[in-house]
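The values are calculated or read from the model by the stated rules, or taken from the named source; none is laboratory data. Note that the coordinates shown come from a computational prediction; the quantities given were computed from them, not determined experimentally. Cβ placement follows ideal geometry from the backbone for every residue including glycine, while neighbour counts extend to all protein chains displayed.
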Amino acid sequence: MNAEERARMWQIVEGAFADDHVALGRPFPIALMIAVRREEAIPQIRTELARAGLDVASVDKKWWPFGRRWELAVKSQEPVPIDRAHVESFLNTLEAVLVKYDAGVLTWVPLRPGA
């Protein structure tokens with residue numbers, strides 16, 4: 001995710017938390033969509049995600065303008081405090097691993113019960 005996409009996600013998350021009167025900083029599991037260019041990288045990525053405490057819920061093939069991509073739906077096993085410092089650190093660490101496999105985070109969202 002680039003800086004603009006991250007900023008947009010933060011606006012959405014902060015607005016939703018404010019609307020529901022939920023304080024930022026509360027821990028929730030995080031759901032992510034990860035884009036992978038090469039199918040043969042998926043097993044290694046699954047291993048890396050498991051080491052990072054993330055469960056892969058699904059792997060789907062998608063068509064993009066310049067070829068195929070695979071999208072992984074992923075969920076954190078442990079809750080993450082939903083504040084900029086923690087989530088940005090979490091995303092930076094994850095993307096540093098994914099870049100080795102020509103993959104990256106498309107989006108993320110906190111999983112709040114009843115939301």
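In table form, for the structure just shown:
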read-out: Segment 1-30 residues that are closer than 21 Å to Q77 by Cα, paired with ones that are modelled with pLDDT of 90 or more and among the acidic types (D, E) (beta carbon under 7 Å, 6 or more apart); value: L24/E14; L24/D83; G25/D83
read-out: Residues (aromatic (F, W, Y) and in contact (Cβ under 8 Å) with a residue 24 or more places away in the chain) located in segment 52-103; value: W70, F90, Y101
read-out: Per-region count, segment 26-67, residues assigned to a strand (DSSP E or B) and loosely packed, with under 12 Cβ neighbours inside 10 Å; value: 8
read-out: Selection count where residues are within 15 Å of F28 (Cα to Cα) and modelled with pLDDT under 95, scope segment 54-75; value: 0
read-out: Meets criteria (surrounded by 11 or more Cβ atoms within 10 Å (Cβ to Cβ) and of a type outside the set (K, R)) for P113; value: no
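Here's the yes/no breakdown for (1) closer than 30 Å to A23 by Cα; (2) more than 11 Å from the chain's Cα centre (by Cα); (3) among the acidic types (D, E):
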{"residue": "R46", "(1), (2), (3)": "no, yes, no"}
{"residue": "G53", "(1), (2), (3)": "yes, yes, no"}
{"residue": "A57", "(1), (2), (3)": "yes, yes, no"}
{"residue": "W63", "(1), (2), (3)": "no, yes, no"}
{"residue": "R69", "(1), (2), (3)": "no, yes, no"}
{"residue": "K75", "(1), (2), (3)": "yes, no, no"}
{"residue": "L94", "(1), (2), (3)": "yes, no, no"}
